[in-house]
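Reading through the structure tokens given below for one structure.
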Amino acid sequence: MDQTTANVQSDTQQEATVLDQSQPPQEQQVDFKSLIPEDYKEEKSLQNFSNMNDFVKSYLHSQKLVGVDKIPVPTKLATDEDWNAVYEKLGRPANAEGYKYNLPEGSKVDDMTLKAFSEEAHKLGLLPKQAEGIINYYNKIGEAADASNLAKSETAKLEAETELRKEFGPAYDLKVTAAKNLAVNTLGADFLRNTKLADGSILGNNPQVVRAFADLADKLSEDSIVQGDTPATMTTKEIDREIQELTAEGSPYWNKSHINHKKAVEEVQSLYELKDRSQNG
């Protein structure tokens, strides 16, 4: 190996050794505040930034807000006028009549309720969408409650009928009819239908109430109690008419193979017994 070759190898080895040991240049950290011109260094709005990245993000965000109508948030000391100004900018109607509701047909919310709610909604600064949402929710609750009450009423009615049918036997229809006539003429149909007792049952479906009126009706003759011009219990003529209908030609009363034959015979017998009690006291 000649001297020239040895020198080249030596230089190559030395160069490789230098490259292997070299490090990438360190990125110099720049103090963001040093980039701020002297005239603006004391600006308070710039004291929150520590790097250029945050500053650029803030600037771009502020540019997006240029031209947007800004609504100041009222403080604790704000007056009603301050709040009204905010409500109007947010879109509150000029008056309570400005609220419109798209309720389904048969809604439980009446006009008087809507008017009162609209006035209160306007005072509270509700937007039309908010007010309509609350009314729709209220209406749904009302519908659910009505459905639940109807189901309970039907169940109570069925339970009362089952109990009284078992107690009255074949005379059920006769006794319930007499009780109904007496109760309606004494208290009124609406009162019986809409009045609830302490246990939640409707007055007209309560078996104790029906039983009481049935017992009272049994003790009364056709002339003993009169509500206006209407007799409170079945009169002799009504009993006769009922018997005539039940014993008409072709009725189950005469057809022993008919499914309702036994019931018809028992009802006719009960009517004759009622007629006898009415006449003999």
Give the number of residues within the stretch 90-109 that are out of contact with any Leu (no Cβ under 9 Å at 6 or more places or on another chain) and either at pLDDT 85 or above or of a type in the set (Gly, Ala, Ser) (or both). 9
Quick one: count up the residues across the stretch 256-281 that are charged (D, E, K, R), over 17 Å from residue 218 (Cβ atoms) and surrounded by 16 or more Cβ atoms within 10 Å (Cβ to Cβ). 1
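Could you name every one of the helices (runs of 4 or more DSSP H) located completely within the stretch 172-262 that has at least 2 residues being modelled with pLDDT of 85 or more and within 17 Å of residue 273 (Cα to Cα)?
Correct list: 172-187, 207-219, 236-246.
The values are calculated or read from the model by the stated rules, or taken from the named source; none is laboratory data. None of these values were measured; they are calculated from a predicted model. Methodologically, a virtual Cβ is constructed for each residue, glycine included, from the backbone with ideal geometry; neighbour enumeration extends over all protein chains shown.
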